[in-house]
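Here is the structure we will look at, set down as structure tokens.
Every number here is computed from the coordinates shown, using simple stated rules; none is lab data. Since the model is a prediction, treat every value here as computed from it, not as a measurement. Counting neighbours? That spans all protein chains shown, and the Cβs are built from the backbone with ideal geometry, glycine included.
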Amino acid sequence: MITYFTDRVRVYSGVPGKCKNHFLNQIKTRNKEQELFANLLDGLIKGKYWSISVLGTVGNGKTTLACAAVNEWNDIHYFYEEGAYYTTQGDLITEYKDTFNDESRFTEAQVFNRYARKAKLLVIDELNPKDWTDFNKNVIQKILTERYANDRRTVLIGNLESKDFKAMFDPHIISRLREGATIYMVEPDMRTSL
């Protein structure tokens, strides 16, 4: 994870180093799915959507484009106290559970506040039903409920089919996500031809 710098302010973004120099307005999309996702992300940044749910297969650019949107947001909105964040389901839950340790730097309330309220745009990647305990579900649903109530822009990414994604959340969360956009990216894996 990196700390993202603009010439004006230092903003922790969580964007992996591999994506630190990607910006939405500079990425050349490779297919219609990527082009649609890039356009949806541009709409999200401009306030057209409160959320985007991105589902599909691996290796087709979901994470790269979402990280580019985080970088773009932090570059455009440098004056905000808090910017955009990228995290994964696993990292978010680990950070949350770490607060239960007496030696934790942060309280549970501080971690919740960072992801639920302060992040103006939040990307939660690698949603995975195999690691979906009741605890994980409750934490992420609580964050999504607060983000929805305060119109905080949110991107959810998973290498999932729609039915598996819907099974992860309670009906009220799925209903709220329907107010946003959903895209399925199923192009073949672009990383390798093993």
Review point. Using the reciprocal of the averaged 1/r over all distinct C-alpha pairs, how large is the Kirkwood radius of segment 46-185 in Å?
Key: 15.4
Exercise for review: Would you mind telling me the antiparallel percentage of the DSSP bridges in the chain, rounded to 5?
Suggested key: 15
Check your understanding: Counting each DSSP H run of 4 or more residues in the chain as -39500 (n - 2.57), what helix-only mean residue ellipticity at 222 nm follows after dividing by all residues, to the nearest 500 deg cm²/dmol?
Key -> -11500 deg cm²/dmol
**Study point:** Which of Leu156, Ser51, Ile174, positive extreme of dipole for the chain (C-beta unit charges)
**Key:** Ser51
Check your understanding: Between rounded, prolate and oblate, where does segment 74-143 land on the alpha carbon gyration tensor, with a ≥ b ≥ c its root eigenvalues, rounded for a/c under 1.5, else prolate if a/b exceeds b/c?
Key -> oblate
Review point. Within the chain, which DSSP H helices have Cα atoms that stretch 24 Å or more along the helix axis and a mean Kyte-Doolittle hydropathy of at least 0.5?
Key: none
Exercise for review: Under 24 Å Cα to Cα from Lys118, which lysines show up? Leave out anything in the same chain fewer than 8 places away.
Suggested key: Lys20, Lys46, Lys48, Lys62, Lys97, Lys137, Lys142
Review point. Can you list the GluC sites (Glu not before Pro) in segment 31-96 that are in a DSSP coil and have 13 or fewer other beta carbons within 10 angstrom?
Key: Glu81
